[in-house]
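Structure record follows, encoded as structure tokens.
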Amino acid sequence: MTESADDILNLLPARLKEARRAKGLSLEAVANLSGVSRSMVSQIERGESSPTISTLWNLTRALQVDFAGLLDGAKTNDQIEVLRRSEVPSIDNMGQNCRIRILSPPEEAGGHEVYDIQFGPNGALNSQPHARGAHEQLTVLEGVVRVTSGSAISELGQGDTARYAADIAHSISADAPARVFLIVKNA
């Protein structure tokens, strides 16, 4: 570490706030995960309070960041963030006979979301309208799917792409196993 203790204390609030935002967590969520009060987390992020080692340890564990890395030099841009297949969050209980893998970072939820969806036989994902102006773009990676947006219906095969309104009721279904790549863009 080439930074002085004063440099670290001056940079710590911004680094903690950056780590919290990168995880898409609110102050309340960090407080619940760490056992550190919401007001204390806020004071630390604003630089109004210096955390004890114990408090800092609890915060870094809640934020799933490396304790030493948080105190180390500035983050460099020449990094690649990798999520291995086993680390990608997935949802198995949404829809009918389909598995949804969430490929976009949590902080992009509600803005630009990316999904890998696998359908089993007679699989379906029926969605209520998203925010006004929302659109989806779907590309079929394997199999055949049926896309419905309002009263419009289209059947797509491997390699086909569809763009459609998602601010109305819409659905994706497959009679046989299929896999799609879905981008949701909220206005």
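The values are calculated or read from the model by the stated rules, or taken from the named source; none is laboratory data. Not measured: the values here are computed from a predicted model. Don't worry about glycine lacking a Cβ; one is built from the backbone with ideal geometry, like all the others, and counts go over all protein chains shown.
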Segment 109-122: number of residues that are among the aromatic types (F, W, Y) and either in contact with a helix residue (DSSP H, G or I) (Cβ under 9 Å, 6 or more places away or on another chain) or part of a loop (DSSP other than H, G, I, E, B) (or both): 0
Search result, residues across segment 140-187 that are part of a loop (DSSP other than H, G, I, E, B), within 16 Å of V114 (Cα to Cα) and touching an Asp or Glu at 6+ places or on another chain (Cβ under 7 Å): A166
Breaking point among (1) over 16 Å from the mean Cα position of the chain (by Cα); (2) on the phi < 0 side of the Ramachandran plot, for N122: (2)
Tally, over segment 32-55, of residues that are over 17 Å from E18 (Cα atoms) and of a type in the set (A, V, I, L, M, F, W, C): 2
Those helices (runs of 4 or more DSSP H) lying entirely in segment 1-79 with at least 1 residues of a type outside the set (D, E, K, R) and modelled with pLDDT of 85 or more: 5-22, 27-34, 38-45, 53-63
All positions within segment 165-184 that are surrounded by fewer than 17 Cβ atoms within 10 Å (Cβ to Cβ), closer than 12 Å to H130 by Cβ and out of contact with any Gly (no Cβ under 8 Å at 6 or more places or on another chain): none
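For (1) at pLDDT 85 or above; (2) assigned by TED's automatic domain parsing to the domain that holds H170; (3) exposed (fewer than 12 other Cβ atoms within 10 Å of the Cβ); (4) not hydrophobic (A, V, I, L, M, F, W, C), each residue gets a yes or a no:
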residue	(1), (2), (3), (4)
P89	no, yes, yes, yes
A109	no, yes, no, no
Y115	yes, yes, no, yes
G120	yes, yes, no, yes
Filtered residues of segment 123-139 (kept if in a loop (DSSP other than H, G, I, E, B) and among the polar types (S, T, N, Q)): Q128
